[in-house]
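Before any comments, here is the structure.
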Amino acid sequence: MNYTSIKDIDSLSKWVKSAIKIKKNPLKNKKLGKNKTLGMLFFNPSLRTRLSTQKAALNLGMNVMVMNFTNEGWTLEFEDGAIMNSGASEHIKEAAEVISQYCDIIAVRAFAGLVDKEKDNAEIVMSGFLKYATVPIVNMEGATGHPLQALADAITMEEYKTTHRPKIVLSWAPHPKALPQAVVNSFIEMMQLQDAEFIITHPEGYELNPLITKDSKIEYNQDKAFENADFIYAKNWSNYNDYGKITNSDPNWTVTADKMKLTNNAKFMHCLPVRRNVIVSDEVLDSENSIVIEQANNRTYAAQLVLQKILKNGQ
Ligand code: SN0
């Protein structure tokens, strides 16, 4: 069993229930991972993903090895048949097979490059590990998805929802840096599995991959989208059509207390790290309606559920 996409979830309601059960007694399966090793490979920075996944593995009694490829590893080649006479020192083929000998599970973080859309959509790094590793792979944010984050989001919404079918709004917000679409892609796929009134709001031209958004509702008027919402999930992404570009930085899209007033006393969510007073005002982020800290806490239980399932071989 791998966990590289929302499609790997067979029953979301069962997964969320199991994660909430794990949260109540996180050390219950302390022996399950004894003498098993999780290898965590980072091609990009991390705070929550690194610490929560490591914590999850420790709760299961696993050993953990972390390697930062950006400044410690050899530069890897991912192309089949490449003549390796320039930058890259080692092919993914050997690297993945070798790491598989040391680790029982390999977790990988490899963001989108945001230059070549086709390359990003092909998930070069994640697919390389899936193809050549001989042990299960966990996605700690790839080029097109962040399924551990989305699982933590689903757990958090289950804990905080006050109605059976909440109104959930994913809102684009401005950002000074071009960011990937991975977090929102997985969030959208997760929302499509939920019983919810789900609306995406973003400026015109910021449409995401239609293969992901499918028939999810898009509302270009942010105020209208916010009306009566139970959850506001803010996140920036760079332009998908004008790939990787920032074509809008309109501060009117920042989530402010005035905008939150349009909602049904909505909870505010963000995957973090968050740019204060750019994505969301201090007032909202510091308010009682902000659940970003608990959302981050749930990253541990999302990761622990996934590792536990892999260790139990899919159950
Ligand atoms: C990443 C992203 O995919 O949007 C990771 C989120 C979990 N976020 C960033 O890179 C933010 C960096 C910044 O400078 O604000």
**For the range 147-295, accessible area per residue (1.4 Å probe, heavy atoms of protein chains only), Å²** = 42 Å²
**Message:** Just to confirm the number: angle between the C-alpha axis of helix 182-191 and the first principal axis of the chain, 0 to 90 degrees, nearest 10?
**Reply:** 70 degrees
**Prompt:** Where does the charge balance sit around residue 289 when Lys and Arg score +1, Asp and Glu -1, over other residues with C-beta under 15 Å from its C-beta?
**Reply:** -3
**Prompt:** Scanning the chain for GluC sites (Glu not before Pro) in DSSP loops with at most 15 other Cβ atoms within 10 Å, what's the longest stretch left with none?
**Reply:** 80-203
**Cα extents of the chain along the three principal axes, largest first (Å)** = 54, 48, 33
**Request:** Could you pull the accessible area for residue 132 with a 1.4 Å probe, rounded to 10 Å²?
**Result:** 30 Å²
**Request:** Could you check how much of the accessible area of the chain is carbon and sulfur, as a whole percent, using a 1.4 Å probe?
**Result:** 48 percent
**Request:** Considering Cα pairs under 8 angstrom that are at least six residues apart, work out the relative contact order of the range 147-295 and quote it in whole percent.
**Result:** 28 percent
**Request:** Relative to the longest principal axis of the C-alpha atoms of the chain, give the angle of the C-alpha long axis of helix 48-59, reported between 0 and 90° and rounded to the nearest 10°.
**Result:** 60 degrees
**Asked** Using the C-alpha gyration tensor of the range 147-295, what are the square roots of 5 times its eigenvalues, in whole angstrom, with the largest one first?
**Response** 21, 18, 14
**Item:** Magnitude of the charge dipole, the chain, Cβ model with Lys/Arg +1 and Asp/Glu -1, debye to 20
**Value:** 1480 debye
**Request:** Indicate the gyration tensor shape class of the range 1-154 (rounded, prolate or oblate), computed on the Cα atoms with a ≥ b ≥ c the square roots of the eigenvalues: a/c under 1.5 is rounded; otherwise a/b larger than b/c is prolate and the rest oblate.
**Result:** prolate
**Request:** Run through every distinct alpha carbon pair of the range 98-211 and return the Kirkwood hydrodynamic radius in angstroms, one decimal place.
**Result:** 15.9 Å
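The values are calculated or read from the model by the stated rules, or taken from the named source; none is laboratory data. Fair warning: this is a prediction, and the values are worked out from it, not measured in the lab. We place every Cβ from the backbone using ideal geometry, glycine too, and count neighbours over all the protein chains shown. In case anyone asks, the SASA skips ligands and DNA or RNA and just uses the protein heavy atoms, side chains included. Shrake-Rupley method; radii C 1.70, N 1.55, O 1.52, S 1.80 Å.
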